[in-house]
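The values are calculated or read from the model by the stated rules, or taken from the named source; none is laboratory data. On a predicted model such as this, the values are computed, not experimentally measured, just so you know. Here the Cβ positions follow ideal geometry from the backbone for every residue, glycine too, while neighbour counts run over all protein chains shown.
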Amino acid sequence: MNLASVAALSKHEEPRWSFVLVMGALMTLASISTDLYLPALPMMSREFRLSPVEAQATLASFMTGMGVSQLFYGPLSDRVGRRRTMLLGVGIYIAGTAACGLADSIRMLIIARFVQAVGACSAHVVPRAMIRDKFALRGSAQVMSKLSVATGAAPMFGPLLGGYLSTVFHWRSVFIVPAIVALLIGSWIYYRIEETVSDGSMLRARSEPAIRSVLGLFTERTVMGFVLCGAFNASVFFAYLVSAPELLMGIYHIPPQRFGWVFATNAIGYILTNQLNARLLHHYDPLTILRAVRLPTILVAVVLVYNAYTNTFGMLGVLVPLFFALASGGVIGANTAACALNADPSRAGSISSLIGMLAYGLAALVSLLAGLFQNGTAQPMAIIILCSMIASAFSLFVIVRPAA
């Protein structure tokens with residue numbers, strides 16, 4: 001499908017806040033699994049006597065679990081329905097989270113984090129497909145932007161709560177809250193969520209082999225261009241996520257109790273740009289917005305790299321451009337996802353899987369690179385962010401544009 005066809009799928013629809021809140025609650029599972037955990041990472045490292053690379057491995061295993069399981073949930077939700085798929089995932093998540101809390105070795109924790117991620121993946125993949133079931137291009141982009149009210153709250157309050165729990169109690173306590181939240185969300189799904197995919201759509205999906213429904217997307221240039229644009233931009237956040245404990249608490253000596261305030265500030269920026277994007281979508285289509293904001297954000301990343309290497313303005317010289325780099329995700333993420341999902345609506349579940357698979361696959365790579373090249377400065381993180389933004393721009397302007 002070319003860009004003209006994508007742009008045509010842009011009829012305006014006003015999403016209901018109740019639906020946004022339900023989807024937002026589901027999509028916080030993956031976020032709180034990491035945001036609560038980060039402040040406890042130094043304490044866990046001391047207890048297990050971990051090297052920086054081993055500590056990052058617990059994050060990388062979660063990212064890997066999120067990445068590989070994407071291929072399972074999307075096609076499954078196309079075939080058996082969104083609701084059943086989400087209930088299965090939440091059950092796996094609760095089991096994995098309980099195992100994390102009981103882990104008595106780093107090996108067990110790494111495995112449990114992987115299982116936890118496999119469960120959390122369902123709440124990451126299926127809501128996007130449900131949004132596409134209910135809304136066309138512009139409407140789905142607006143819903144995804146408004147979801148930042150819920151998903152943005154996790155990075156704001158998660159590290160604050162995680163720092164408090166790990167300081168006052170034990171680092172294992174950061175797994176109790178996600179398990180409780182998952183149980184509540186599972187009950188919510190069971191009693192409040194209705195199926196959004198039609199019986200006819202499920203029958204059509206079953207007529208095509210699951211692996212073909214995903215692999216076939218790699219030949220659709222427009223789909224891949226938008227997916228890669230969003231996935232590389234998501235690497236910006238993950239580069240920050242895996243570097244944040246060492247950067248903020250190790251290099252800049254911010255205590256665990258205040259660590260969450262930096263996360264909260266960046267989350268506010270992400271929420272604001274999401275809400276700005278929702279307003280812009282009343283006047284412009286998602287592709288126009290993407291093209292307008294992609295290149296200026298690269299300049300922000302260049303400033304970040306320069307300050308990281310020259311130590312210009314010290315900590316603020318890194319944190320200020322980092323704030324704007326992370327805020328770009330509020331515009332890039334929602335619009336690339338909406339464009340990709342609407343490029344081939346009959347495979348919405350599979351496209352949602354592909355979006356998550358590539359995003360978390362890159363996140364796992366970023367996690368390992370950040371640990372391997374950590375040198376006591378913000379330089380590795382800054383370089384990863386700049387390279388990710390350049391790759392995102394290439395995907396938008398080189399891969400997508402020729403398909404028009």
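Of all the listed residues (Phe232, Phe259), the sole one being modelled with pLDDT of 85 or more and assigned to a helix (DSSP H, G or I) is Phe232. Filtered by the rule that a residue be modelled with pLDDT under 80 and out of contact with any Asp or Glu (no Cβ under 8 Å at 6 or more places or on another chain), segment 370-401 gives Ala370, Gly371, Leu372, Phe373, Asn375, Gly376, Arg401. Summed over segment 278-293, the residues that are without any contact (Cβ under 8 Å) to a residue 12 or more places away in the chain and either β-branched (Val, Ile, Thr) or part of a loop (DSSP other than H, G, I, E, B) (or both) give a count of 3. Applying the set (1) in contact (Cβ under 8 Å) with a residue 60 or more places away in the chain; (2) assigned to a helix (DSSP H, G or I); (3) surrounded by fewer than 21 Cβ atoms within 10 Å (Cβ to Cβ) to Ile180 leaves exactly one unmet item: (1).
Please work out which residue is modelled with the lowest pLDDT, limiting yourself to segment 313-329 and to residues that are within 20 Å of the chain's Cα centre (by Cα) and of a type outside the set (Phe, Trp, Tyr). Step by step, filter segment 313-329, then rank; the result is Gly329.
Condition check ((1) aliphatic (A, V, I, L, M); (2) at pLDDT 80 or above; (3) in a helix (DSSP H, G or I)) across all residues:
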| position | (1), (2), (3) |
| --- | --- |
| Met144 | yes, no, yes |
| Ile176 | yes, yes, yes |
| Ile185 | yes, yes, yes |
| Ala205 | yes, no, yes |
| Phe226 | no, yes, yes |
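Pairs meeting the criteria (first residue in segment 328-345 and under 17 Å from Met357 (Cβ atoms), second residue modelled with pLDDT under 85 and surrounded by fewer than 24 Cβ atoms within 10 Å (Cβ to Cβ), beta carbons under 7 Å, at least 6 apart or on different chains) are Ala343/Met1; Asp344/Met1.
Checking each residue in segment 23-82 for being under 17 Å from Ala363 (Cα atoms), among the polar types (S, T, N, Q) and either assigned to a loop (DSSP other than H, G, I, E, B) or within 16 Å of the chain's Cα centre (by Cα) (or both) picks out Ser31, Ser33, Thr34, Ser61, Thr64, Ser69, Gln70.
Examine segment 66-81 for a residue that is among the hydrophobic types (A, V, I, L, M, F, W, C), out of contact with any Asp or Glu (no Cβ under 7 Å at 6 or more places or on another chain) and within 25 Å of Asn277 (Cβ to Cβ), and state whether such a residue exists. Give the derivation first.
Initially, segment 66-81 is screened for residues among the hydrophobic types (A, V, I, L, M, F, W, C), giving 66, 68, 71-72, 76, 80.
If we keep only those that are out of contact with any Asp or Glu (no Cβ under 7 Å at 6 or more places or on another chain) too, we end up with 66, 68, 71-72, 76, 80.
Subsequent filtering for residues that are within 25 Å of Asn277 (Cβ to Cβ) retains 66.
Checked against the condition, which is being among the hydrophobic types (A, V, I, L, M, F, W, C), out of contact with any Asp or Glu (no Cβ under 7 Å at 6 or more places or on another chain) and within 25 Å of Asn277 (Cβ to Cβ), segment 66-81 yields at least one hit.
With respect to the conditions (1) surrounded by fewer than 24 Cβ atoms within 10 Å (Cβ to Cβ); (2) modelled with pLDDT of 85 or more; (3) under 21 Å from the mean Cα position of the chain (by Cα), Gln116 lacks only one, and its number is (1). Looking across segment 32-58 at every residue that is modelled with pLDDT under 75 and not hydrophobic (A, V, I, L, M, F, W, C), the one that is surrounded by the fewest Cβ atoms within 10 Å (Cβ to Cβ) is identified as Ser51. Here segment 374-399 is the region considered, the condition is being touching a Leu at 6+ places or on another chain (Cβ under 7 Å) and among the β-branched types (Val, Ile, Thr), and the residue that is nearest to Cys229 (Cα to Cα) is Ile399. Considering only segment 258-265, I want to know if a residue exists there that is among the small types (Gly, Ala, Ser) and touching an Asp or Glu at 6+ places or on another chain (Cβ under 9 Å). Yes, that holds for at least one residue. Of the residues Ser61, Ser122, Ser105, the single one that is modelled with pLDDT of 85 or more, under 30 Å from Ser243 (Cβ atoms), among the hydroxyl-bearing types (Ser, Thr, Tyr) and surrounded by fewer than 24 Cβ atoms within 10 Å (Cβ to Cβ) is Ser61.
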